[in-house]
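One structure below.
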Amino acid sequence: MEKQIFEDASIVAFLSLKQFKVTPQRNDTGKVVFSVEGENINQGLQDLYGNENIGALDFIKAMKAIRSSIFALKGGQR
């Protein structure tokens, strides 16, 4: 199983729609990043950059979930 780290929430939202496992985490500087796991992540990225059609509402829902995970992790920082 492949694993890559991403900082861009919009990329992660798209990959989550492609059924990759997304896990938010903090890096060494405290910034929230996302570990993406699954088979053939590079193909998922090619689909994104090839402008694959996805549902607008599906993407908005995925983006809200990603943003929520960012806020949840940042909320624990004090």
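The values are calculated or read from the model by the stated rules, or taken from the named source; none is laboratory data. As the structure is a computational prediction, the values presented were derived from the model and not from experiment. As a convention, Cβ positions derive from the backbone with ideal geometry for all residues, glycine included, and neighbour counts pool all protein chains shown.
Within the range 44-61, identify whether any single residue is among the hydrophobic types (A, V, I, L, M, F, W, C) and in contact (Cβ under 8 Å) with a residue 40 or more places away in the chain, and answer yes or no.
For the range 44-61, residues among the hydrophobic types (A, V, I, L, M, F, W, C) and in contact (Cβ under 8 Å) with a residue 40 or more places away in the chain: present.
Could you count how many residues in the range 1-35 are farther than 25 Å from residue 55 by Cα and touching a strand residue (DSSP E or B) at 6+ places or on another chain (Cβ under 8 Å)?
Residues that pass the stated criteria total 7.
Does residue 64 count as basic (Lys, Arg), within 14 Å of the chain's Cα centre (by Cα) and either assigned to a helix (DSSP H, G or I) or at pLDDT 95 or above (or both)?
yes
Please work out if residue 59 is surrounded by 12 or more Cβ atoms within 10 Å (Cβ to Cβ), of a type outside the set (S, T, N, Q), assigned to a helix (DSSP H, G or I) and in contact with an Asp or Glu (Cβ under 9 Å, 6 or more places away or on another chain).
Against the criterion (surrounded by 12 or more Cβ atoms within 10 Å (Cβ to Cβ), of a type outside the set (S, T, N, Q), assigned to a helix (DSSP H, G or I) and in contact with an Asp or Glu (Cβ under 9 Å, 6 or more places away or on another chain)), residue 59 does not qualify.
Any residue at all in the range 35-53 that is of a type in the set (Gly, Ala, Ser) and loosely packed, with under 11 Cβ neighbours inside 10 Å?
yes
Is there any pair linking a residue in the range 10-33 that is within 16 Å of residue 72 (Cβ to Cβ) to one that is outside any loop (DSSP other than H, G, I, E, B) and of a type in the set (Lys, Arg), with Cβ under 7 Å and at least six apart or on different chains, and which?
What qualifies is 32/26; 32/74.
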